[in-house]
Amino acid sequence: MKRRIDLPLLITLTILALFVFVPMISAFEYSIRTPVEGGYGLTNYKWAVADEDFLYYILRSGWLSALTVLVTLVILVPTVTWLHLSDSKLRPLIDGLSLLPLVIPVVAFAVGAQISLPEFVQNTVLELPFLYFILALPYAYRALDIGLNSIPLKTITEAARSTGASWSRTIISVIIPVIRGAVMGTIALTFALSLGEYTLTVLLHWDTFPTWVTFVAQENILGAIAISMMSLIIPFILLTGITLLMPDRSAQRRK
Amino acid sequence: MTSNIKAEGAPLERSAFRFFKITSVLPALPFLLIFGFFFIYPITKLIYVSFMSNENTFTFGNFQTAFTQPYSTGFVNSIKIAFLSALIAAFPGAIAAYFIETRGPSKLKRSLAMMNGVLANTGGVPLAFMFMAAIGMQGTLTKVLKYFGIDIYAGTFSLGTFTGILLVYLYFQLPLMVIVFSPAIMSLRREWVEAAKNLGASQINYWFRVGFPLLFPSFIASFLLLFASGFSAYATANALTVGNLPLTPLQIGGLLDGNVSASQLNLGKALSVVMILISAVAVIPYLIIQRKAARWQRR
């Protein structure tokens, strides 16, 4: 491995960093201004966190997203596993269907959902996890599909089944741990997508954390900016930290 | 007797066949039911209702109105902003993906992939507020630039205009380009450069005869996906504009909320159907190219 500084890479990274961080840092500077007292302070952040709605909407978006992840895993993992094992004729069909939500703009999907879903569905916020599931489907399905493609699924399943494991046990304690990379990817993606989803939620007149931010903006724009900064920077630092701390999987495999 | 044997044999065979048939669909049933109810049914009904007049009779009227003012301008603006944001993001995004994938250490690659994922997906509302704070009228970056003698508000610029929205869209389009184009770069193998060199090709020869032709389909596919993402984006534009910039998703949202009244109740549905068609023109070729490319990329 050459250890000298790679100039083209360095230039690329510098430009990318400027592109990403200049707006982010300048927005951060703006969000810590305190117009009343002058100078800087965390007034806007304190105001946002002190608002009792803050916690309420974070928790609400949190459990809705967790439920979406649950729905996604419970429906998709057995389905995709079965499609891989059975060589069913349905496989190309479901492969194609799972990509369809990519074709439909979310706005159009929201209109369709609003005019078609029966009242008892539209009256409960529990419709959101299922609709978010549809939005995340193209990515979640593909992640699981690739995960299952990379393992000797038939052998593993036969081994588990012949030693007496039931189907549910085979999936929960054998298949999921083997493809945990793909499952973790699916969880992260589905959770992030649900947490940030705005278009569908607002058009169906539900309130979650992202829609609450636009509501806050009407009375306190600085507070809304502070909340936006938190919702951009916190996942940014968290996810980057996790990837940096996680052991290098490709290196492990080579050993 | 012979008929009896047949009668005994046949149902058995048939029932075994039937059993096979049922089990060959049954495990997929929960998925198919949920997908059908929450996706196929709404979209089918949307298409159906878009052809309905206020009196529930069949009509093309909604579509005729969809192509008149102000909705036709909405489509033109939406297509223009999607096309331009995809085009501007595609080249730097592809080049960045190339340098990161071919020269970056694996930790850097993974953390950049994660960061790009966050940027491309969290987007929406927080992004709009971030840009308001950065390059809004009183924004920090605006002031810094002014200090250096560049007044971005000297002309007609504002975040709610076409240029303003375009600028904000680039912030999620560029990371998206890096994400979707990286797999194509990864599939370029070092052996091919060496093979080309052994056959007497220069670096430029390699790129024009091998590299670019191999990457071109994926580049077009990525561009199409970016187009679709810019075309459908709603949240950012909704937060930044105040009805001054006609964009189709915003117009549909306005009609759905009843903020904007139209004499035709189902106009919003017709606009949605046209949107689906335009988006399909971009996404379906993307999916086809991706599938073809995946065949040799996976090897």
| request: Could you calculate, for the protein assembly as shown, the ratio of the Cα radius of gyration to the Kirkwood radius, expressed as Rg to Rh? | output: 1.00
| request: Report, in whole Å, the centroid distance computed from the Cα atoms of the stretch B:140-186 and the stretch A:31-53. | output: 27
| query | Given charges of +1 on the Cβ of Lys and Arg and -1 on the Cβ of Asp and Glu, with all other atoms neutral, how large is the dipole of the protein assembly as shown about its Cα centre, in debye to the nearest 20? | reply | 2600
| task | About the Cα centre of chain B, how large is the charge dipole given +1 on each Lys and Arg Cβ and -1 on each Asp and Glu Cβ? Please answer in debye to the nearest 20. | result | 1080
| task | Enter the Cα centre distance for the pair the stretch A:175-251 and the stretch B:196-255, rounded to the nearest angstrom. | result | 24
| request: Could you size up the charge dipole of chain A around its Cα centre, putting +1 on the beta carbon of Lys and Arg and -1 on that of Asp and Glu, and report it in debye to the nearest 20? | output: 1540
| task | Round to a whole angstrom and tell me the spacing of the C-alpha centers of the stretch A:62-78 and the stretch B:23-83. | result | 26
| remark: Ranked on Cβ counts within 10 Å of their own Cβ, fewest leading, A:Glu158, B:Glu101 go A:Glu158, B:Glu101
| field | Restraint check, A:Lys89/B:Lys107; A:Lys154/B:Lys292; B:Lys80/B:Lys107, Cα-Cα greater than 32 Å | value | A:Lys89/B:Lys107; B:Lys80/B:Lys107
| said: Out of the chymotrypsin sites (Phe, Trp or Tyr not before Pro) in the stretch A:144-220, which ones are loop residues according to DSSP with at most 11 other C-beta atoms within 10 Å? | reply: none
| query | With contacts defined as alpha carbon pairs under 8 Å and 6 or more residues apart, what's the relative contact order of the stretch B:166-256 in percent? | reply | 35
| task | Report relative contact order for chain B in percent, whole number only (criteria: Cα-Cα under 8 Å, sequence separation at least 6). | result | 29
| said: Counting only helical runs of four or more DSSP H residues, what would the 222 nm mean residue ellipticity of the protein assembly as shown come to if each run contributes -39,500 (n - 2.57) and the total is spread over all its residues? | reply: -24500 deg cm²/dmol
| Rounded to whole Hz, the Karplus (6.51, -1.76, 1.60) HN-Hα couplings of the stretch A:43-52, x for glycine and proline | 3, 5, 5, 5, 4, 5, 5, 6, 4, 5
| query | Going by alpha carbons, how many degrees (0 to 90, nearest 10) lie between the helix axis of A:7-31 and the longest principal axis of chain A? | reply | 50
| said: Filter chain B for me: DSSP H helices, axial length by Cα at least 18 angstrom, mean Kyte-Doolittle hydropathy not below 0.5. List them by residue number. | reply: B:71-103, B:162-186, B:212-232, B:267-298
| said: For chain A, what does the relative contact order come out to in percent, with C-alpha contacts under 8 Å and a separation of six or more? | reply: 28
| task | Rank the residues A:Met230, B:Met186, B:Met137 as a footprinting-exposure proxy: fewest other Cβ atoms within 10 Å of their Cβ go first. | result | B:Met137, B:Met186, A:Met230
| So how do B:Tyr286, A:Tyr40 line up by other beta-carbon neighbours within 10 Å, fewest first? | A:Tyr40, B:Tyr286
| field | Other-chain or far-sequence residues with amide H under 5 Å of B:Ser158's (modelled H) | value | B:Gly164
| query | For the stretch A:40-243, max minus min Cα coordinate along each principal axis, in Å, sorted largest first? | reply | 64, 42, 27
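Laboratory data are not the source of any read-out in this text; all were calculated from the coordinates shown. Fair warning: this is a prediction, and the values are worked out from it, not measured in the lab. Ideal geometry is used to build each Cβ from the backbone, glycine not excepted, and the neighbour counts take in all protein chains shown.
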